[in-house]
Amino acid sequence: MRKSVTLITGASGEMGHGLIERLAANGGSPIITIDLQPLEPSAHGMVERECVGSILEEHLLERILAEYEVNAIYHLAAILSTRAEFTPLTAHQVNVEGTLKLLDFAQAQGESHGRHVLFMYPSSIAAYGLPDIATKERAGRVAESDWTMPSTMYGCNKLYCEHLGRYYAGHYKQLAADSPHGKVDFRSIRFPGLISAFTVPSGGTSDFAPEMVHAAAKGASYACFVRPDTRIPFMAMPDAVDALINLALADRAALTRLVYNIGAFNPSAAEIRDLVLGGFPDADITFAPDLKRQAIVDSWPADVDDTAARHDWGFAPRYDLDRAFAEYLVPNIRKRYSN
Ligand code: AKB
């Protein structure tokens, strides 16, 4: 008998760290991870097997399939929005072809053991694209179906993969004579910018907020690459991990959509700077907008409407802006850099 497991791709990234901890603490299926980078040593005791390699590698998924029965996939691996603009073809390979490969792998797994395979897919506010600042201001809290005209490669990739997930979940091989039925239980969250006390992101365009607070704690100067009035939604990492787990646990019958917005707070970059200065009064933070990265952030909504997530699966973030800084970010980041 093959062992029943949960697979996490991109496990060494920002969200992987907290997700492994939470899933291991919940005591569910053993965890198998895939990432180009090795896991941090602290995660070793929490996973059954760590595969260091690319999701695009020909035989990696087959080797997993031979040994394990995969019941759930958290597909976190992705090239983020800033990095993707420098390597659009590679971004497409990783973000789209990699996701398609995993969806197909999930379908094959489902067909082999006869049950649905849960497929958790972190999408992003980058799936939105507002044409200009005036429209962004007018749009306010954007609903899932509005303004889905992304201007970045990453945003296009995320939006298209949401559609691929919908196809595998509901329309897979719809014309085949012996219609095999989709075996993928696809669930997705459009995450806002995430701020972790324990990891610094790389390659994203919402990175100005986490970079600001980590630089301040390290005593480094920081020139913020967006204007002070720039506003997009953000969330503290523990709430993002909780959301992913809570959506995974939700009763399928209660879900009215496959893709959900969630948000927690949406400060301007100047408000983030003020909170960072509250925690680290000597911080040296200036603003030096990079017009091209600014344009990307300006195309993302100032806020999102997450009514459906709150209603369908009880999304309720623990951290508002003040609590996120006072109770999670400042104390943990201070400890991290003073060690
Ligand atoms: C990025 O900046 O690319 C990501 C995102 C908003 O999805 N953090």
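For residue 51, enumerate residues with amide H under 5 Å from its amide H, sequence gap 5+ or separate chain, H modeled in the peptide plane.
Result for residue 51 returns 33, 34, 35.
Apply 1/(1 + (r/R0)^6) to the Cβ-Cβ distance of residue 334 and residue 202, taking R0 = 25 Å, and write down the FRET efficiency to the nearest 0.05.
Given R0 = 25 Å and the Cβ-Cβ separation, E is 0.70.
Assigning unit charges at the beta carbon (Lys, Arg +1; Asp, Glu -1) and nothing else, what dipole magnitude in debye, to the nearest 20, does the stretch 165-291 show about its Cα centre?
Charge dipole, the stretch 165-291, about its Cα centre: 640 debye, nearest 20.
If you place +1 on the Cβ of every Lys and Arg and -1 on the Cβ of every Asp and Glu, how big does the dipole about the Cα centre of the stretch 194-248 come out, in debye to the nearest 20?
160 debye
Distance from the Cα centre of the stretch 200-235 to that of the stretch 1-68, in angstrom?
For the stretch 200-235 versus the stretch 1-68, the Cα centre distance is 29 Å.
Given H placed on each backbone N at 1.01 Å, which residues far from residue 226 in sequence or on other chains put an amide H within less than 5 Å of it?
For residue 226, whose amide H was placed from the backbone, the distant partners under 5 Å are 288, 290.
Using only Cα atoms, what Kirkwood radius does the stretch 73-170 have, in angstroms?
For the stretch 73-170, inverting the mean 1/r across all distinct Cα pairs yields 14.5 Å.
Taking each pair of distinct Cα atoms in the chain once, what is the resulting Kirkwood hydrodynamic radius in Å?
Computed over the chain, the radius equals 20.5 Å.
Could you give the spread of the C-alpha atoms of the stretch 186-339 along their three principal axes, from largest to smallest, in whole angstroms?
That gives 51, 36, 23 Å along the principal axes, largest extent first.
Whenever you get a sec, compute what percent of the accessible area on the stretch 226-339 sits on carbon and sulfur atoms (1.4 Å probe).
About 51 percent, which is the carbon plus sulfur part of the accessible surface.
What is the gain in length, in nm to one decimal, between residue 49 and residue 3 on full extension, counting 0.36 nm per residue of separation less the C-alpha to C-alpha distance?
Answer, rounded to one decimal: 15.4 nm.
Accessible area per residue, 1.4 Å probe, Å², for the chain: what's the number?
43 Å²
Please list, ordered by chain and number, the residues whose modelled amide H lies under 5 Å from the amide H of residue 303; skip anything fewer than 5 residues away on the same chain.
Those qualifying (amide H under 5 Å, at least 5 residues apart or on another chain) are 142.
Show me, for the stretch 67-83, the HN-Hα J-couplings you get by feeding each phi into the Karplus relation (A = 6.51, B = -1.76, C = 1.60, θ = phi - 60°), rounded to Hz, glycine and proline as x.
Once θ is set to phi - 60°, the couplings for the stretch 67-83 become 9, 10, 9, 8, 9, 8, 10, 10, 9, 8, 4, 6, 9, 7, 5, 6, 4 Hz.
Given R₀ = 22 Å, FRET efficiency for residue 132-residue 223 by Cβ-Cβ distance, to 0.05?
0.30
From the phi of every residue in the stretch 224-235, what ³J(HN,Hα) in whole Hz does the Karplus formula 6.51 cos²θ - 1.76 cosθ + 1.60 yield, where θ is phi - 60° and glycine or proline is x?
Going residue by residue, I get 6, 8, 10, 5, x, 8, 5, 9, 9, x, 9, 7 Hz, with x marking Gly and Pro.
Can you list the trypsin sites (Lys or Arg not before Pro) in the stretch 135-181 that are in a DSSP coil and have 15 or fewer other beta carbons within 10 angstrom?
Passing sites in the stretch 135-181 are 173.
Starting at the first residue of the stretch 18-26, write each ³J(HN,Hα) from the Karplus equation 6.51 cos²θ - 1.76 cosθ + 1.60 with θ = phi - 60°, in whole Hz, x for Gly and Pro.
x, 5, 4, 4, 5, 5, 5, 5, 5
Tilt of helix 98-113 relative to the longest C-alpha principal axis of the chain, in degrees (0 to 90, nearest 10)?
Tilt of helix 98-113: around 40 degrees.
Can you give the charge dipole size of the chain about its Cα centre, rounded to the nearest 20 debye, using +1 on the beta carbon of Lys and Arg and -1 on the beta carbon of Asp and Glu?
The calculated dipole for the chain is roughly 220 debye.
Label residue 288 and residue 40 with points 7 Å out from Cα along Cα→Cβ: what is the distance between them in nm?
Spacing of the two 7 Å Cα→Cβ label points: 2.9 nm.
Roughly how far apart, in whole Å, are the Cα centres of the stretch 248-269 and the stretch 75-122?
Computed from Cα coordinates, the inter-centre distance equals 20 Å.
If r is the Cβ-Cβ distance from residue 251 to residue 181 and R0 is 22 Å, what FRET efficiency results, to the nearest 0.05?
0.65
Rolling a 1.4 angstrom probe over the protein chains, ignoring ligands and nucleic acids, what is the accessible area of residue 42 in square angstrom, nearest 10?
Solvent-accessible area, nearest 10 Å²: 80 Å².
Which one of 79, 44, 139 is farthest out on the positive end of the charge dipole of the stretch 44-159, using unit charges on Cβ (Lys, Arg +1; Asp, Glu -1) and the Cα centre as origin?
So the residue furthest toward the plus end is 139.
For the stretch 196-257, what does the equivalent ellipsoid look like in terms of its semi-axes, each the square root of 5 times an eigenvalue of the Cα gyration tensor, given largest first in whole Å?
Value: 31, 14, 8 Å, ordered largest first.
The values are calculated or read from the model by the stated rules, or taken from the named source; none is laboratory data. Model, not experiment: these values are computed from the prediction. Every residue, glycine as well, gets a Cβ built from its backbone with ideal geometry; the counts of neighbours run over all protein chains shown. Side chains are part of the model used for accessible areas, which takes the heavy atoms of the whole protein and leaves out ligands, DNA and RNA. Shrake-Rupley method; radii C 1.70, N 1.55, O 1.52, S 1.80 Å.
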